[in-house]
Amino acid sequence: MLGNSIGDMVKCWEAMNNNLRLQLENIRASFQKSFYEVEHAHISPFYGYLRGSVSRAALRRIAEELLRVDYIGANRQICDCTLRTSYRLPCACELGRYTLGGIPIPIDVVHVHWRKLTMEVELEVGADDGSEVDMTCAMDELWKRFRSLDVIGKRALKSRVCELAYPTMTPLCPPPEKLKTKGGVKKKGKKPAEYDVYRDPSYHEYVDKASQSSQRQSQPSQTSKKLKLSKKQPQFIFQFPNHIRSYIKDVVNVESDEVRESLMIESFGSQPPEKWLTLPDMGYLIANLYNVVLVCLGNPCMTFFPMTSSHSPNVSIYCIDFVNHNHWVQVNMKEGFSLPPVTLDLRKFRSHTTITWMLGFTGRLQHWQLLTLVLA
């Protein structure tokens with residue numbers, strides 16, 4: 001426009017005016033898209049209060065931040081809250097709390113800047129007579145149209161109105177009775193090799209299972225009392241967190257002589273405690289060398305995923321704990337037990353390959369957070 005000195009002020013003014021009009025139309029078009037167009041990533045009822053009321057740019061930032069919830073959860077200390085401090089949008093720890101609570105994102109947590117989807121100036125107090133926001137005529141016409149339609153048309157119109165009135169609801173309904181899936185796992189706890197139908201239970205299944213177990217624990221029976229007094233209970237059971245004791249099958253202990261022999265190295269003698277296996281220093285070394293998921297159930301509890309391979313549903317999970325302050329034991333857990341959080345090193349040096357492990361075990365990681373929040 002101003003690339004050369006040819007022309008006069010009138011032509012330059014017209015060119016600037018045309019550019020401003022073009023930008024204004026683009027902004028208005030983006031507002032209309034935010035009103036009526038819904039991207040596939042925002043179809044979930046989790047965004048129900050935000051669709052049509054918040055700009056799509058804000059929804060995209062929230063969707064990207066939601067991916068961090070898989071390995072941050074609701075921990076405010078780990079979340080740097082950059083999105084909240086820089087853009088006034090909910091950050092990962094806030095989204096994690098909404099996810100655990102099963103509630104949609106409230107619109108009040110989004111700054112008013114992202115909710116302004118119009119170029120019009122707000123009217124002064126007392127200047128509005130109510131005619132611009134009056135919906136009486138529109139509602140009357142809507143009722144007339146509803147009465148004039150047949151049954152199919154009434155259902156279609158009602159579904160459209162319900163989408164506006166109940167943005168967080170979904171028209172999908174659960175089946176009236178539980179369906180028998182073909183080819184499912186027949187026996188609990190047994191998973192055939194190379195069985196591609198088997199999957200990790202979802203987060204909601206973990207919550208249902210936890211609520212059922214809590215109800216059973218609230219009504220103790222004679223059988224449960226006998227189990228508590230049984231000699232088959234592992235002798236180290238009280239050295240584990242309370243919320244995972246029900247998932248422990250047994251503890252593989254070693255004799256004291258075997259512990260002493262393991263600490264003896266030829267020509268070097270017995271090794272001091274500073275040369276024993278320590279976590280988290282050796283955790284990722286074991287996970288990467290043997291391509292397994294290593295879980296420490298001691299203090300602190302932590303999970304070590306392999307950092308050199310991608311997620312596999314048939315991976316072996318080994319649980320260990322440091323008992324009596326002198327040796328490690330192997331802990332055999334029941335199928336589907338919850339996993340403790342990952343270490344800070346994994347969050348700092350994670351890669352796309354490592355994230356696949358956290359995504360594959362999202363349900364178990366979130367279940368652990370749910371149990372710790374309930375106990376807290």
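Derivation of every value follows stated rules applied to the coordinates shown; laboratory data play no part. Just so you know, these numbers come straight off a predicted model, no measurement behind them. Backbone-built Cβ (ideal geometry, glycine too); neighbour counts: all protein chains shown.
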Express in whole angstrom the spacing between the alpha-carbon centres of segment 73-119 and segment 29-58. 15 Å
Highest mean packing first, using Cβ neighbours within 10 angstrom, the peptides 358-369, 139-150 sort as 358-369, 139-150
May I ask for the equivalent-ellipsoid semi-axes of segment 1-100, computed as the square root of five times each C-alpha gyration tensor eigenvalue and listed largest first in whole Å? 41, 17, 9
Pair Lys158, Met282: separation of 7 Å Cα→Cβ label points (nm): 6.7 nm
Arg76 paired with Glu274, simple spin-label distance in nm, labels 7 Å along Cα-to-beta-carbon: 3.9 nm
For a Förster distance of 25 Å, can you work out the FRET efficiency between the beta-carbons of Met119 and Arg60, rounded to the nearest 0.05? 0.70
